[in-house]
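Peer 1: First the structure, then my questions, so here it is.
Here, each number is a calculation from the coordinates, and none is a lab measurement. Because the structure is predicted, anything quoted here is derived from the model rather than measured. In this analysis, Cβ positions are derived from the backbone assuming ideal geometry, glycine residues included, and neighbour counts consider all displayed protein chains.
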Amino acid sequence: MVDAERETPPPPIPERLLLSVARRAMACEFELLFNQFQYPAAADVAHEVLDLIEGLEGKLSVYKPRSDLSQLNRWGGKRLLPLSPDTLRLLQLARDLHRLTGGAFDVTAGALSEVWGFARRQGKMPSEAELATALQTVGTQYLQLDEAAGAAGLQREGVKVNPGGVGKGYALDRAAGRLVAAEINDFLIHGGLSSVVARGDRQHPETGGG
């Protein structure tokens with residue numbers, strides 16, 4: 001016998017109660033994830049963050065002819081060039097990473113990226129002669145930073161800076177800082193699923209708790 005008074009079972013717990021805001025930049029999709037309804041201003045701040053990332057791409061991308069790094073690669077062997085604070089900070093971080101990794105990370109490997117075809121996303125096997133020529137222009141010792149003047153130069157012709165391996169991470173750190181400044185402390189941000197910053201708690205969809 002069916003008990004007509006039996007309480008109706010609760011609806012199933014939703015598997016996903018997340019707010020997602022995304023935009024394409026730096027040749028990948030940047031996505032920001034928040035607990036749904038936790039922060040009323042999350043969507044607006046997320047768009048500000050994506051604007052920030054897009055602005056960083058305009059300064060740091062070697063695929064944009066007017067970017068700081070494209071200008072540095074073009075003219076840095078001839079003179080010091082004034083840079084935006086973000087670009088100078090990225091190069092400072094790259095220099096520190098070079099030291100901390102014993103030279104394994106080198107932001108001046110742009111010529112190697114080109115000879116392997118990575119710069120045009122058309123990979124190829126370079127010859128030994130091509131590799132030897134490219135290696136002659138690789139070395140963080142050729143990167144000249146004038147922090148006081150907010151400028152940088154390249155102390156050898158042909159040296160090319162490429163922020164691959166550090167650019168997206170820098171953008172995510174800046175994005176996370178903007179969210180925290182807006183008092184949003186629970187979030188996950190990724191750039192192309194390869195670089196991630198997370199902070200705080202993922203709320204349980206039923207209780208809203210951490």
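Peer 1: Using Cα-Cα distances under 8 Å and only pairs 6 or more residues apart, what relative contact order does the chain have, in percent? Mind showing how you got there, number by number?
Peer 2: Numbers: 307 pairs, mean separation 50.7, N = 210.
It rounds to 24 percent for the chain.
Peer 1: Exposed loop sites here are GluC sites (Glu not before Pro) in DSSP loop states with at most 16 other C-beta atoms within 10 Å. What is the longest stretch of the chain lacking them? Numbers along the way, then the final one.
Peer 2: Details: sites that count: E5, E7, E15, E147, E157, E183, E206.
With GluC sites (Glu not before Pro) excluded where exposed in loops, the chain gives 16-146 as its longest stretch.
Peer 1: Tell me which chymotrypsin sites (Phe, Trp or Tyr not before Pro) from segment 19-51 have a DSSP coil assignment and no more than 16 other beta carbons within 10 Å of their own. Spell out each step's value before the answer.
Peer 2: Numbers: sites: F30, F34, F37; in loops: F37.
Answer in residue order: F37.
Peer 1: If we sort 73-83, 192-202 on the protection proxy, mean other Cβ atoms within 10 Å, highest first, what's the order?
Peer 2: Details: 73-83: 16.2, 192-202: 14.0.
Ranked from most to least packed, the peptides come out as 73-83, 192-202.
Peer 1: Shape of segment 76-162 from its Cα gyration tensor (a ≥ b ≥ c, root eigenvalues): rounded if a/c is under 1.5, otherwise prolate when a/b > b/c, or oblate?
Peer 2: Working: a/c = 2.01, a/b = 1.77, b/c = 1.14.
It comes out prolate by the Cα gyration axes.
Peer 1: Arrange R121, R24, R95 by Cβ neighbour counts within 10 Å, fewest through most, would you?
Peer 2: On the way: R121 8, R24 12, R95 18.
So the residues, fewest neighbours to most, are R121, R24, R95.
Peer 1: Here are several values of log10 I(q)/I(0) by the Debye sum over Cα atoms at q = 0.08, 0.10, 0.11, 0.14 Å⁻¹: [x] -0.45, -0.57, -0.63, -0.86; [y] -0.39, -0.54, -0.63, -0.89; [z] -0.31, -0.48, -0.57, -0.89. Which one was derived from the coordinates shown?
Peer 2: Answer label, from the structure shown: [y].
Peer 1: May I pose another question? Show me the helices of the chain, taken as full DSSP H stretches, that run 24 Å or more along their long axis by Cα and average 1.0 or above in Kyte-Doolittle hydropathy.
Peer 2: None pass (Cα extent of 24 Å or more, hydropathy at least 1.0).
Peer 1: Please report the antiparallel percentage of DSSP beta bridges with both residues in the chain, rounded to the nearest 5. Walk me through the numbers on the way to the answer.
Peer 2: Numbers: 23 of 24 bridges.
Among the beta bridges of the chain, antiparallel pairing accounts for roughly 95 percent.
Peer 1: Using +1 on the beta carbon of Lys and Arg, -1 on that of Asp and Glu, and nothing else charged, what's the dipole of the chain about the Cα centre, debye to 20? Please report the intermediate quantities before stating the final value.
Peer 2: Values: 23 positive and 26 negative charges, 253 e Å.
For the chain, the charge dipole is close to 1220 debye.
Peer 1: Roughly how far apart, in whole Å, are the Cα centres of segment 48-122 and segment 124-197?
Peer 2: For segment 48-122 versus segment 124-197, the Cα centre distance is 5 Å.
Peer 1: Expressed in nm to one decimal, what extension gain is obtained for the pair E48 and S84 from 0.36 nm per residue of sequence separation less their Cα-Cα distance?
Peer 2: Here the segment from E48 to S84 would lengthen by 11.0 nm.
Peer 1: Here is a follow-up. Order by neighbour count: I189, I184, fewest other Cβ atoms within 10 Å first, most last. Let's see the in-between values first.
Peer 2: Numbers: I189 25, I184 22.
Placing the least packed residue first, the sequence is I184, I189.
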